[in-house]
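What follows draws every value from the coordinates through simple rules; no lab data is involved. Worth saying up front: this structure is predicted, and the values here are computed from it rather than measured. FYI the Cβ positions are ideal-geometry reconstructions off the backbone, even for glycines, and counts take in every protein chain you see.
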Amino acid sequence: GSLCRSKKTNDVWYWVCRRHEEENAQCDIPPVPEDAITAAFLRLHYNLKHNPEVLSFHTKQMAEVRKRQMLWSPATVELNRDISDILNQSHALALLNRQGLVDPDIFISKSNQLAEQLRNAKQQKERILQQEDRSILDSTEQLLETIEAGPEVLEAFDEELFCELIDKIIVESNVKIRFRLKNGLELPETMERMVR
């Protein structure tokens with residue numbers, strides 16, 4: 001949960017957890033050599049370049065999860081309440097009409113008004129859900145284009161390519177990290193660490 005900072009020791013660059021640096025007991029992850037992160041990135045790039053379907057598959061799954069989460073967002077819940085209220089009003093109006101308690105002109109006018117409100121609420125809900133999906137798809141398409149335009153195999157670390165693909169790196173353990181891509185997808189990679 002802490003941020004890391006770079007530190008040079010014996011001509012080697014490391015990424016060090018700030019809590020670990022303050023006191024080893026606060027964090028059990030030792031400094032991570034930048035070379036290990038670079039090698040993990042090169043493997044990640046190779047895997048994405050030669051298996052682009054992995055990115056598409058995970059992105060579809062992520063879009064489904066986000067869509068389900070969006071169904072419970074405050075804006076969507078409020079729209080669902082509005083839709084339910086409109087349907088209840090429409091049902092009550094139809095019941096009153098069947099019993100002859102509403103003037104036919106008023107019934108038609110009110111029914112049309114409720115139908116328009118219902119259509120607007122449903123469209124607004126759909127726009128909210130599609131906006132989230134579009135954002136994920138757009139960023140994924142951009143990632144795929146970047147990977148496609150890149151070299152077949154990265155021989156050395158490419159900072160520009162790294163910045164185009166990666167949003168964040170999360171160190172999970174002494175041997176495992178996760179790369180968060182620009183579209184929000186997180187992919188794990190192992191780090192090959194030398195035993196001291």
Between the Cα axis of helix 104-149 and the main Cα principal axis of the chain, the angle (0 to 90°, nearest 10) is 10
Note the angle between two axes, namely the Cα long axis of helix 52-70 and the longest principal axis of the Cα atoms of the chain, as a number of degrees from 0 to 90, rounded to the nearest 10.
50
On a 0 to 90 degree scale, rounded to 10, what angle separates helix 34-50 from the longest Cα axis of the chain?
50
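Compute the signed sum of charges (Lys and Arg +1, Asp and Glu -1) over the other residues within less than 12 Å, Cβ to Cβ, of Lys168. Walk me through the intermediate numbers first.
On the way: positive: Arg178, Arg180, Lys182; negative: Asp167, Glu186.
Spelling it out: positives minus negatives among the neighbours equals +1.
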At 222 nm, what value in deg cm²/dmol follows for the chain if DSSP H runs of at least 4 each add -39500 (n - 2.57) and the sum is divided by all its residues, to the nearest 500?
-21000 deg cm²/dmol
Given 0.36 nm per residue, what is the gain on full extension from Phe157 to Arg98 after removing their alpha carbon distance, in nm?
13.8 nm
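Across every pair of different alpha-carbon atoms, what Kirkwood hydrodynamic radius in Å does the chain reach? Mind dumping the intermediate values first?
Values: mean 1/r = 0.0474 Å⁻¹.
Kirkwood radius, the chain: 21.1 Å.
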Projecting the Cα atoms of Leu93, Phe179, Leu71 onto the charge dipole of the chain, where Lys and Arg contribute +1 and Asp and Glu -1 at Cβ, the residue farthest towards the positive end is Leu93
